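Q: Structure provided below as structure tokens; questions to follow.
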Amino acid sequence: MVRVLAYCINAQEGLEFTKGLSAVDEPDIWARSLDDQLLLWIDVGEPSVERVKKASRIAREVKVYCFNRKSKPWWAAGRAKFTQMNASYYQFEWQSIQALASLYQRTMQLSVTIAGNSAYIATELGECEVAWVQLT
């Protein structure tokens, strides 16, 4: 669900999900130009410094969305190195992500409204709001 939310926040032409966990050399989501240049690399979770460094070398723009209980220690441990790279880092509130996950169904329709640093998600099971902060 966090990947879907990151996709919605960054909606643009050419944006697509990659193979995910089965392709370790690819981001979770990317946007490529018509001439196959990597315009946007989006990772969801807490990637290593080396992974973000690699991404910032090959993509024009890199975004990382962290969201679980490990995200604060991950950011504290790597902040000095992460802020030296050409990447943007965002953190979702863990409780909001849990509320979003509770709305999941195998087949579902959802409506997403984004205003500022907050997304309002509505599904057949209910609705929730997910806010995020930029870490850099």
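Nothing in this text is a laboratory measurement; each read-out follows from the coordinates by a stated rule. Keep in mind that this is a model prediction, so the values were computed, not measured. Neighbour counts are summed over all protein chains in view; Cβ atoms, including those assigned to glycine, are modelled from backbone coordinates with ideal geometry.
Q: Name the residue that is surrounded by the most Cβ atoms within 10 Å (Cβ to Cβ), counting only residues in the range 97-119 that are touching a Cys at 6+ places or on another chain (Cβ under 8 Å) and in a strand (DSSP E or B).
A: If we take residues in the range 97-119 being touching a Cys at 6+ places or on another chain (Cβ under 8 Å) and in a strand (DSSP E or B), then A119 is surrounded by the most Cβ atoms within 10 Å (Cβ to Cβ).
Q: On to the next question. Of everything in the range 17-39, what is touching a Lys or Arg at 6+ places or on another chain (Cβ under 7 Å), under 17 Å from R3 (Cα atoms) and among the aliphatic types (A, V, I, L, M)? Give them in sequence order.
A: Result: I29, single match.
Q: With respect to L39, is the statement that it is of a type in the set (A, V, I, L, M), in contact (Cβ under 8 Å) with a residue 40 or more places away in the chain and over 19 Å from L135 (Cα atoms) true?
A: Considered against the rule, which asks whether it is of a type in the set (A, V, I, L, M), in contact (Cβ under 8 Å) with a residue 40 or more places away in the chain and over 19 Å from L135 (Cα atoms), L39 comes out as no.
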